[in-house]
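This report refers to the structure that appears directly beneath it.
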Amino acid sequence: MTTFEIRSGVDLHDVQGNIIKGYGRYGFPVARYVTYRINAAVAGRTFIKLLVPMLTTSVPWSESGVVEEGTKQPPSTTNVALTYEGLRRLGVPERSLLSFPDEFVMGMRARASILGDVGASAPKNWDPVWQTEDGQQPVHLLVTINAESSDALAQRYEEVGLAARAANDVAGDSAGVQQLAGHRSAGGADAAFQDGAALRDEHGTPGPKEHFGYTDGISDPYYKDSGSRSSNVIGGGKRLRDSSPATDAGWAPLATGELLLGHTDEALEYPAAPVPSTLSKNGTYLVYRKLHQNVATFDRYAASEAAKLSMEENLFRAKLVGRWPNGAPLASFPTEAEANAFNAKLEQAKADRFDETATPTQRAAATERHLELKEQQSGFDYREDIAGESCPVGAHSRRANPRGSLEFGQDHAFSTPGALVNRRRIARRGLPYGDSSDRSVDNGDHGIIFMAIGASINRQFEFVQQQWMNFGNDFRLGNDQDALLASWPDEDIDPLRARMTFEVDPDGMEVPKICTGIPQFVETRGGDYFFVPSLTALSAIARGAVDPT
Amino acid sequence: MVGAGGGGRLPKSSKHYGLTALCPIKLGTAPGRNSSYEAVVRETLAGLDSHERSPMARVPNTYLARLYILKDVFYEGRSQQEHLKSQYLFFGSDFHGELEPYLRGMWENIEPEVRLIWQHCVAFGSSVNSAESFVDYIKKCQVSNTFLFNGSNDRPLAEQLKGLYLKQEFGDFVASHQGASDDELRSAFLSFAERVQVTKLDGPTWRPGAQTLESARTHS
Ligand code: HEM
């Protein structure tokens, strides 16, 4: 038994690693998402049995955790998730199946109207792999592989393929588990898998950018007992009252049950979970969404609308997201000069931290500096900016996580400033895919494999998508949608409806700027809702031993 | 906790009333039909229009109303062997004002639909033939509830619809007149005010029950 288990209250050996670790942050710049159909239960179960020993858990890696005794970071990671139809085909008993939440049973396609998957985003336009002939979910099992290099990725992919073949041999059915092709890629619409990869800078170094040019993957919720560095609570936890958002006194860890089933959540309850508890405990849900990005339209609109509103284009881009393209939050760094100065310090500290020619003492000092600056990147809220004069109220990241600002400056309106937010947090675990170096066209192969993890798809992801991205009422923004994600039915868009306001000081003389005629920048290309079982649950599923009675 | 028959109203001063009524549906086979009363009621509910064409959109001051059939209770998370004695028509409505005038308004505006919906409920046919008897009937079926629909303040519906209308139209006005000169702005605003009739509640406004901006705007 290792020390962190005793300390942590969560058996991190039992929890799949993609739940707690954003692999992208740990130097795994490439990923492969492999989709399977299960035609024979025996083959499916055997496949899972063979996968279990290959799976990556949430046990901290020695370099990055709080714990002395982490495991060594592997060259690649492997995780597995199942749709409702997958669980059914694996022979999970009816009583357990009936205990899953509605949205999971229905699957993402059936939730299209709730999610705003209309028009260009409508399921009929999704990649072939997500199309269904019989109304059932086409994908049953998802294997996600992240790796430090293409070689490590190819090797692990090969090993997973061998496991599938071995499972089919055991079942005596060559199509018992069947890898499903049909992912759109640069080479056509029939790729055997979906690849993802961090975008590379001009030196070929993988970095944190997404295709619109923003630094992404900065904010990450921090949960109790998740085994990650305790200072990540700053900006990642839930906001406390009467303390600065810049320090760890300003935040507390989110309850584990917001992330993992079988643990108490922010309502001090165990989240509704499927039976028996061996099936659900330490498991969670994964939303997989392939989001295509119309880069040419985005660049064109940013340039023309910024000019129309007499703004610097970079400021315009920052206002849409709430962070400058370099990642500095608008709420703390309202001018480009401040944002650039901050970012230069951050980059320098990072370079010094990894500078092999420096002495250990110098590197330790640089590490300290780097971590402090990263805290500044996350440790903010909107309390000093309720009206939205720095960061618009409708900016993408402010919608996604209002950080306590839904009190609208009326302190003590709720028992805690995070009352309306703490149960709506989502852990993002995706990566970009494709190449957008040709910025002149929209229809290349480029976007994000968006993955959201949490204990309730309905309460967390679906709520954020439906109420906060596709609607504005909670922010007193009427029908305004998120500018980045807004989706429209096929009819012509009323240019006045597709709008976003950049607020100003309500007591000042300046006039707010309103961008209008926002085109659709992001289109859904497929995906589904998955259950990410614990290792215990996977073993029980593999043995056909899930017993809900 | 609000006692039985008290409806939901939190806090006490609020004008927002939350009604929940469970009306037992007759047991057995509907005459002349090959199906149960419950199936007939279900069919009736399925045939009702929704949103701005819902009959409830014609009932004054309705914020949100729901009708469905409660077949059996089941509890989440706990296993409890408790079943309903009968099948119930669930009627929930969140509205502005007092219960009795609200129900009278319902009878006055949509009596044929009320009769259609409730006809197979126990004792409805024999006891309800007027606004007052409908009020009595619903009050007998009323159960206490503590949950209110939270998407609305407690102002009269007409005021809320006008407020939403004005907010949307004013937003459009501002967005489409950015950069206009003072003179242009002044004259445009005067004709805007003329058009939206700020103080006229029944004037240009949104339609009750509308679920989309398009349908809200096509006020009949
Ligand atoms: C192509 C699609 C998307 C793009 C380009 C995008 C881009 C970004 C960027 C640049 C940030 C700021 C960086 C950061 O804080 O990590 C961000 C933050 C965030 N986004 Fe997105 N996003 C997309 C889709 C979504 C979707 C679909 C959701 C959820 C429904 C979402 C939820 C969030 C959340 C929760 C944050 C963190 C907010 C915070 O904690 O401050 N994003 N996104």
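Looking only at residues in segment A:452-469 that are open to solvent by less than 30 Å² (accessible area, probe 1.4 Å) and near the ligand (Cβ under 10 Å from one of its atoms), the one that is nearest to the chain's Cα centre (by Cα) is A:Ala452. Within the bounds of segment A:152-167, is there any residue that is at pLDDT 95 or above, assigned to a loop (DSSP other than H, G, I, E, B), more than 18 Å from A:His183 (Cβ to Cβ) and open to solvent by less than 60 Å² (accessible area, probe 1.4 Å)? The answer is no; no qualifying residue exists.
Within the option set A:Asp411, A:Asp435, A:Asp381, being surrounded by fewer than 21 Cβ atoms within 10 Å (Cβ to Cβ) and under 21 Å from the mean Cα position of the chain (by Cα) holds for one residue only, A:Asp435.
In this structure, A:Gly257 does satisfy being in contact (Cβ under 8 Å) with a residue 12 or more places away in the chain, assigned to a helix (DSSP H, G or I), within 14 Å of chain B (Cβ to nearest Cβ) and within 24 Å of A:Met451 (Cα to Cα).
Per the listing A:Asp225, A:Asp220, A:Asp216, A:Asp265, the residue uniquely of a type in the set (Asp, Glu), open to solvent by less than 10 Å² (accessible area, probe 1.4 Å) and under 26 Å from A:Phe463 (Cα atoms) is A:Asp265. Return yes when A:Gly237 is more than 12 Å from the ligand (Cβ to nearest atom) and either over 29 Å from A:Glu523 (Cα atoms) or at pLDDT 95 or above (or both) and no when it is not. Against the criterion (more than 12 Å from the ligand (Cβ to nearest atom) and either over 29 Å from A:Glu523 (Cα atoms) or at pLDDT 95 or above (or both)), A:Gly237 does not qualify.
Residues in segment A:230-248 that are over 20 Å from A:His412 (Cβ atoms) and among the aliphatic types (A, V, I, L, M) were compared, and the one that is most open to solvent (accessible area, probe 1.4 Å) is A:Ala246. In segment A:505-529, the qualifying residues are those that are crowded, with 17+ Cβ neighbours inside 10 Å and within 14 Å of another protein chain (Cβ to nearest Cβ), and the one that is farthest from A:Leu141 (Cα to Cα) is A:Pro512. Residue count for segment A:275-298, restricted to those that are surrounded by fewer than 18 Cβ atoms within 10 Å (Cβ to Cβ) and within 15 Å of the ligand (Cβ to nearest atom): 2.
Residues that are over 14 Å from the mean Cα position of the chain (by Cα), under 14 Å from A:Leu431 (Cα atoms) and open to solvent by 20 Å² or more (accessible area, probe 1.4 Å) were ranked within segment A:195-212; the one that is nearest to the ligand (Cβ to nearest atom) is A:Lys209.
For every residue, the table says whether it meets (1) free of Cβ contacts under 8 Å to residues at least 60 places away in the same chain; (2) touching a Gly at 6+ places or on another chain (Cβ under 7 Å); (3) under 23 Å from A:Tyr222 (Cα atoms).
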{"site": "A:Glu372", "(1), (2), (3)": "yes, no, yes"}
{"site": "A:Ile386", "(1), (2), (3)": "yes, yes, no"}
{"site": "A:Ser390", "(1), (2), (3)": "no, no, no"}
{"site": "A:Ala395", "(1), (2), (3)": "no, yes, yes"}
{"site": "A:Glu407", "(1), (2), (3)": "yes, no, yes"}
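In summary, A:Ala175 fulfils each of the numbered conditions (1) more than 16 Å from the ligand (Cβ to nearest atom); (2) open to solvent by less than 10 Å² (accessible area, probe 1.4 Å) with the single exception of condition (2).
Screening A:Ser219 against (1) away from the ligand (no atom under 12 Å from the Cβ); (2) assigned to a loop (DSSP other than H, G, I, E, B); (3) hydroxyl-bearing (Ser, Thr, Tyr) leaves a single unmet condition, (1). The residues of segment A:299-332 that are open to solvent by 20 Å² or more (accessible area, probe 1.4 Å), within 10 Å of the ligand (Cβ to nearest atom) and aliphatic (A, V, I, L, M) amount to a single one, A:Ala331.
Out of the residues in segment A:470-487 that are of a type in the set (A, V, I, L, M, F, W, C) and within 12 Å of chain B (Cβ to nearest Cβ), state the one that is most open to solvent (accessible area, probe 1.4 Å). My answer is A:Phe471. Scanning segment A:391-443 for residues that are β-branched (Val, Ile, Thr) and either at positive phi or more than 9 Å from the ligand (Cβ to nearest atom) (or both) yields A:Val393, A:Thr416, A:Val421, A:Val441. All of A:Ser397, A:Ser415, A:Ser390 fail the test of being assigned to a loop (DSSP other than H, G, I, E, B) and under 19 Å from A:Ala328 (Cα atoms), apart from A:Ser390.
Summed over segment A:330-376, residues that are in contact with a Cys (Cβ under 6 Å, 6 or more places away or on another chain) and assigned to a helix (DSSP H, G or I) total 0. Condition test on A:Ala272, is it touching a Ser or Thr at 6+ places or on another chain (Cβ under 8 Å), over 24 Å from A:Tyr382 (Cβ atoms), surrounded by fewer than 23 Cβ atoms within 10 Å (Cβ to Cβ) and within 14 Å of chain B (Cβ to nearest Cβ)? Considered against the rule, which asks whether it is touching a Ser or Thr at 6+ places or on another chain (Cβ under 8 Å), over 24 Å from A:Tyr382 (Cβ atoms), surrounded by fewer than 23 Cβ atoms within 10 Å (Cβ to Cβ) and within 14 Å of chain B (Cβ to nearest Cβ), A:Ala272 comes out as yes.
The values are calculated or read from the model by the stated rules, or taken from the named source; none is laboratory data. Nothing here was measured: the structure is a model prediction, and the numbers come from that model. Here the Cβ is made from the backbone with ideal geometry for all residues, glycine too, and neighbour counts use every protein chain on show. Areas reflect the complete protein model, heavy atoms only, side chains present, ligands, DNA and RNA absent. Shrake-Rupley method; radii C 1.70, N 1.55, O 1.52, S 1.80 Å.
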